[in-house]
Every structure is written in C-alpha cells, then in structure tokens.
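Working notes for the structure below.
The values are calculated or read from the model by the stated rules, or taken from the named source; none is laboratory data. These numbers come from a predicted model, not from an experiment. All Cβ positions, even for glycine, are placed from backbone atoms using ideal geometry, and neighbour counts span all protein chains on display. Ligands, DNA and RNA are excluded from the accessible area calculation, which covers all protein heavy atoms including side chains. Shrake-Rupley method; radii C 1.70, N 1.55, O 1.52, S 1.80 Å.
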Amino acid sequence: MNNLLVKSLFFASMATTLLLTTACSQSEALEIQSEVVSPDKIKQIVANVERLHPDISDELKQQVAEIAVKSIENQIFVEGGSFDMGDFGMPCNSYLDRPVYNPNDICNSTINPYDRPVHKVALDSFSMSKYETSVYEFEHFKLAHHQPLPEPDFRKDEPDHWMFKPDSPTGTQKWQEAKDYCLWIGQLTENKFDLPTEAQWEYAARDRGKYIYYATNDGTLKDNQNFPRTAFQKVELLPVDSFPPSPLGFYHLQSNAVEWVNDWFDPDYYKHSPEHNPQGPEKPITVSIKHRSPNQYKVLRGGSTSWSPNVVMRRATEKPDLQVHAPKYGFRCAVQETNTMN
C-alpha cells in the first residue's frame, strides 16, 4: 500500500471519527428526560432538531427539543367509535348551566341551521393534545424559523400582558400558522401531528360522543370552578391548564381560546358528510353567512372567554387569514395515528 493511499485512509478515518464525535456531543448536550418518551425517541428528536435548525443557538435547540418531547407527553389517546355528530338537541325547559339529555323533550341547542342535521360518524382512534398550544411553544416555533414575534410594539409597551404570558394559549393571524406548527412538531417527532378534524374535536369534547353539552369536568357550567364565566367580561385568556380537565383529560375545550380545526366550512356539509373519518370539504367554497360578506371560511370549535357560554356543538367560522394577530384564535394539535404513541 503506497504512502498516499495510507494518508488518504487515515484522514478519511479521522473525518468519520470527528463526525461521530460531533453527533454524540450534540446529543449529549441536549439533556432531556421523560417518563413517557423513550431515550431512542428523544435521540431521534434531537437529531431532527439539528437537521432542521442547524443555525439556531444551542439554547434554542434545547428548548425546541423539549417542546417536541412535551408534545408527545401531552397527547391523550382517544379510542375510536361511532357517534351522532351535530346539534342533537337540548331539553326545551332545562337549566342552561346543567342540561340533561332527554330524547323525548328536544329543542335545538344552537341557532345555526348548518349545525344540523345530526349525522352518524365513525372515527378511527387518534390522539389529541390535552392543552391548547401555549404562547411559549408557538413563539419558539417562530424563533426557530427566524420569524418575528407578533405584536412587537405592544409587547414592548406591555410585556406582562396576558397575551405574552408563556402559559397562555397562543393567538394566531392565520389558520396556516396553526397548521404549520402542528406539521413542524410532526417533523421533529416523526409522528403524524396535524390539526384535529372537526369530527375528532367534537368526539373528544363530548367524551367519545356522549350526549353532553359542556366539555367541562362534569358536563355543567360552574362559575370560576370549571368555567371562567367572569373572565368573559374581561376578554383575557387563562393559562392552558386552568380549571379541572374533562373526564378524558382535556383542558379548556369549553372556553378559553377558540380553536382552529382542519376543515373548510360548507354550510351544507353535514347533509352529505361521509360517515367514516370525515375530513370536511375537499376544497374551499365561497359561502354567504348572515351579516358577513361572501368568503371562504375555516371551522373553529369551542369558545373564547370573550364570548357568552357556548354548548359544545358551537361551530364558529372565520377567514383563514385574519390580517392581524388575533389572541383569542388558538389551536391544539392531534396525532393522526390509530395506535398509542408509547
């Protein structure tokens, strides 16, 4: 073997050793522990952070990796099944804060005709986050992509405003921001993160499709015990873990930030929705809604603290681009996989 070849092999070996050492040092530098996510999964996430964001600081890499791990930890597995989706009606003379379903005494529970008809839906199992996406999580998504944080002038003047508190639900300017955040978590974790469909959201909020009206711990509304009734006058949002969760473990499906879901809006969709895993209309359509100009809309579910109390069936609609940052338009992510993630 000539000297030139020996030198070439030596330097190639040194280069390989250097690459392995660098990779190991990067994994060791991001020390993340979890009782839910395996060490191998954490290594995978760390490698993906480095691959997707090689130019951000080590501190930000650590924070992004922690957010990805926490996103897995916060997922609640929801076993699939069938349910009657839509406005299944409310007893006509019931107490509005604690209605009990009675199929023999039914009035409409919403004023929106497009919340009807009730239709059978069968869903595969999926997972959904117990929390709304927080300001802390969404801002780190922005920072990792070198995007400006929302409301820079207001942030400078009032840094302690609830809109900027790390544990508040994040606002958005566009539906696409919510979509991109969930897909980004999917890239980091290599799990199928996405926004939930409208059907998945309602199924989870109704404790796997039960005939309940409020997504609280006991299906009732109790001022400042399981629902921020007084906050609705102040318009401020609350930390994502405020008040007891629903029986399945979800926080603030009833009221905090109103939440984007994946579906486009069609006022007639419930009339022809497929039974198995409905995804909403295949493409946007321009619709006219009372008191609003014709436009294309996305569906939101739940209710904001700036609104009056809403039953679970409330469907809100909004243009996918709000033009300005809207602090009450939030979201939570789901995982479109039929098995548990652990």
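Each row is one residue, and each column tells you yes or no for (1) touching a Phe, Trp or Tyr at 6+ places or on another chain (Cβ under 9 Å); (2) loosely packed, with under 15 Cβ neighbours inside 10 Å; (3) of a type in the set (D, E, K, R).
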{"residue": "Asn74", "(1), (2), (3)": "yes, no, no"}
{"residue": "Lys130", "(1), (2), (3)": "yes, no, yes"}
{"residue": "Ser134", "(1), (2), (3)": "no, no, no"}
{"residue": "His140", "(1), (2), (3)": "no, no, no"}
{"residue": "Lys156", "(1), (2), (3)": "no, yes, yes"}
{"residue": "Phe164", "(1), (2), (3)": "yes, no, no"}
{"residue": "Gln176", "(1), (2), (3)": "no, yes, no"}
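Among the conditions (1) open to solvent by 60 Å² or more (accessible area, probe 1.4 Å); (2) more than 23 Å from Thr338 (Cα to Cα); (3) modelled with pLDDT of 95 or more, the only one that Lys61 does not satisfy is (1). Being of a type in the set (Val, Ile, Thr), touching a strand residue (DSSP E or B) at 6+ places or on another chain (Cβ under 6 Å) and either crowded, with 16+ Cβ neighbours inside 10 Å or not in a loop (DSSP other than H, G, I, E, B) (or both) is a property that does not hold for Val324. How many residues does region 81-130 hold that are modelled with pLDDT under 95 and of a type in the set (Asp, Glu)? Number satisfying all stated conditions: 4. Identify, from the list Gln336, Gln296, the residue that is under 16 Å from the mean Cα position of the chain (by Cα), open to solvent by 60 Å² or more (accessible area, probe 1.4 Å) and among the polar types (S, T, N, Q). Just a single option satisfies the conditions, and that option is Gln336.
Taken over region 207-247, residues that are among the hydroxyl-bearing types (Ser, Thr, Tyr) and at pLDDT below 90 amount to 1. Of all residue pairs spaced 6 or more apart or on separate chains, those with beta-carbon atoms under 8 Å, a first member in region 161-176 that is within 18 Å of Val299 (Cα to Cα) and touching a residue at least 40 places away in the same chain (Cβ under 8 Å) and a second member that is surrounded by 15 or more Cβ atoms within 10 Å (Cβ to Cβ) and among the basic types (Lys, Arg) are Gly171/Lys328; Trp175/Lys298. The residues in region 94-108 that are open to solvent by 60 Å² or more (accessible area, probe 1.4 Å), in contact with a strand residue (DSSP E or B) (Cβ under 9 Å, 6 or more places away or on another chain) and over 20 Å from Asp218 (Cα atoms) can be counted, and the count is 2.
For Pro284, the conditions (1) modelled with pLDDT of 95 or more; (2) of a type outside the set (Asp, Glu); (3) more than 20 Å from Pro117 (Cβ to Cβ); (4) open to solvent by 50 Å² or more (accessible area, probe 1.4 Å) are fulfilled apart from (4). When Leu183 is tested against (1) part of a helix (DSSP H, G or I); (2) open to solvent by 10 Å² or more (accessible area, probe 1.4 Å); (3) touching a Gly at 6+ places or on another chain (Cβ under 6 Å), exactly one condition is not met: (3). Restricting His140, His145 to residues that are modelled with pLDDT of 95 or more, under 19 Å from Ile72 (Cβ atoms) and more than 11 Å from the chain's Cα centre (by Cα) narrows the list to His140.
Restricting region 186-200 to residues that are under 16 Å from Phe265 (Cβ atoms) and not polar (S, T, N, Q), the residue that is surrounded by the most Cβ atoms within 10 Å (Cβ to Cβ) is Pro196.
Residue pairs whose Cβ atoms lie under 6 Å apart, separated by 6 or more positions or on different chains, with the first residue in region 260-273 and open to solvent by 10 Å² or more (accessible area, probe 1.4 Å) and the second hydrophobic (A, V, I, L, M, F, W, C), are Asn262/Leu195; Asp266/Ile285; Pro267/Val287.
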